[in-house]
Amino acid sequence: MRNSESRGSGLVPPRWVWPLVFLAAGMIIFVAIRSSEDGQRGPLPDARRAADKRLPVRAVPITAQDVEVSLSGLGTVTPISSVTVRSRVDGQLVRVAFREGQDVRGGDLLAEIDPRPFEVQVKLAEGQLARDLALLQNAELDLERYRTLLAQDSIAKQQVDTQDALVRQYRGTVKVDEGQLDNARLQLSYTRISAPVAGRIGLRQVDVGNMIRASDANGLAVITQVRPVDVVFSIPQDSLPQVMKRLHGGDKLRVDAFGREQVTRLATGTLLTVDNQIDPSTGTIRLKARLSNEASNLFPNQFVNVRLQVETRRAATVVPSAAIQQGTLGAYVYVVKADRTVTVRAIKPGPVQGDMTVAENGVTAGELVVVDGVDKLKEGASVELVSEDAAARAADSGGKDGQYPRQRSAKP
């Protein structure tokens with residue numbers, strides 16, 4: 001009776017309570033273990049927290065160096081002289097004595113025309129001259145005899161005068177014969193075609209065996225003088241006073257010719273002259289420079305990029321062009337301060353030399369400027385400097401959001 005009453009009184013908990021008890025005990029044990037681990041690790045240092053908020057960037061120091069100020073323009077290569085080699089007489093081409101593209105000197109034999117017809121003309125002229133010389137000598141002898149007889153009063157003076165006129169006539173005929181002989185010899189010399197100037201000869205226009213004439217438009221070949229060679233280029237009219245000031249001062253302005261990519265220097269020379277008028281349609285003026293072209297990199301009618309050096313700035317403050325940003329207020333750079341925060345500096349960009357730009361104001365040599373990782377920067381942002389190698393590895397690995405491996409660089 002008592003046992004039944006105790007079971008019916010509800011002192012024994014129901015079965016569904018026990019799982020809840022075990023779950024609560026497990027949670028208490030888990031929280032106790034985590035608290036113990038956190039207590040062993042201790043709080044996160046402030047320096048570490050601050051480091052996690054720094055933005056990785058790559059920065060380089062500003063330098064002071066000499067900078068060449070240049071004017072750029074598109075130029076055309078023009079030979080100092082360009083001569084089309086033509087025959088001066090008509091005849092059959094029997095010999096070509098040059099190789100296409102070779103360098104020739106003035107007076108070198110280039111080709112030969114069949115000389116036989118001209119040799120015949122020389123012989124005819126020589127025979128005519130010999131015949132008339134003989135007649136002249138005979139007339140002169142007769143004139144001497146007549147003068148002797150006249151002195152002896154044996155002949156009339158009229159006969160002496162007539163003989164004297166005949167002698168003068170023969171002398172004139174001999175001079176004509178001499179001129180004809182010289183002309184025949186000159187025509188014969190024209191059968192050997194020589195180079196009128198030194199230079200590089202082009203492609204042959206006529207093959208051996210063809211009849212050529214002095215009136216042929218194409219001629220045999222073209223010789224161009226390319227060492228040295230001239231380049232004609234244009235600059236804006238606003239730059240003309242700066243150039244003329246240097247020229248009037250007797251300075252020799254350096255001129256460099258570059259290829260299409262403006263990387264490879266093809267030839268170097270000096271400014272030769274300036275044109276006498278400005279093109280009103282473009283507002284530019286033409287200049288001519290003479291380049292050595294010792295390596296034969298320049299060819300007539302070739303387009304080149306020309307740089308005319310007009311000034312050299314000594315110890316100019318230069319920054320990498322990659323560090324210069326553009327905003328609503330103009331150009332600016334991010335300068336890294338000693339506390340590893342960045343500040344914005346407005347600058348006035350000047351002349352550009354390669355991948356460096358002159359900073360007219362705003363920065364000084366020795367300061368660090370950010371050249372990579374500027375996307376998320378703002379005034380006062382904390383940064384962490386990374387090396388160039390680390391930045392390159394991050395770029396190659398395709399880092400997300402421009403994040404670089406945090407590899408500290410040495411303090412400047």
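All of the numbers you see were taken from the coordinates with simple rules; none came from a lab. Keep in mind the model is a prediction, meaning the values are calculated, not measured. FYI the Cβ positions are ideal-geometry reconstructions off the backbone, even for glycines, and counts take in every protein chain you see.
Quickly work out the Gln242-to-Ile155 label distance, labels modelled 7 Å from Cα along the C-beta direction, and quote it in nm with one decimal.
So the label points at Ile155 and Gln242 sit 9.2 nm apart.
Counting other C-beta atoms within 10 Å, which of Ile324, Ile62 has the fewest, and how do the rest follow?
The most exposed by this proxy come first: Ile324, Ile62.
Residues with amide H under 5 Å of Ala59's amide H, sequence separation 5 or more or different chain, H placed in the peptide plane at 1.01 Å from N; which?
Those lying under 5 Å, H to H, from Ala59 are Val371, Val386.
Which lysines, if any, have their Cα less than 26 Å from the Cα of Lys337, not counting same-chain residues under 8 positions apart?
Answer for Lys337, where 26 Å is the Cα cut-off: Lys53, Lys348, Lys376, Lys378, Lys411, listed by chain and number.
What does the convex hull of the Cα atoms of the range 115-190 come to per residue, in Å³, rounded to a whole number?
Here the figure is 56 Å³ per residue.
Could you go through the range 77-82 in sequence order and give the Karplus-derived ³J(HN,Hα) for each residue, using 6.51 cos²θ - 1.76 cosθ + 1.60 with θ = phi - 60°, rounded to whole Hz, and x for Gly and Pro?
These are the phi-based 3J(HN,Hα) values: 6, 10, x, 4, 9, 9 Hz.
What FRET efficiency would be calculated for the residue pair Ser382, Gln325, taking the C-beta separation as r and a Förster radius of 25 Å, to the nearest 0.05?
FRET efficiency, Ser382 to Gln325: 0.85.
Loop-only check: which trypsin sites (Lys or Arg not before Pro) in the range 76-163 are DSSP coil with at most 14 other Cβ within 10 angstrom?
Qualifying residues, ordered by number: Arg88, Arg99, Arg105.
Take the alpha-carbon centre of the range 247-307, take the same for the range 144-168, and report the distance between them in whole Å.
Using only Cα atoms, the two centres lie 77 Å from each other.
If you rank Glu68, Glu100 by fewest surrounding Cβ atoms within 10 Å, what's the result?
Least to most surrounded, the residues fall as Glu100, Glu68.
Among Leu247, Leu220, rank each residue by its count of other Cβ atoms within 10 Å, from fewest to most, as a rough exposure measure.
Leu247, Leu220
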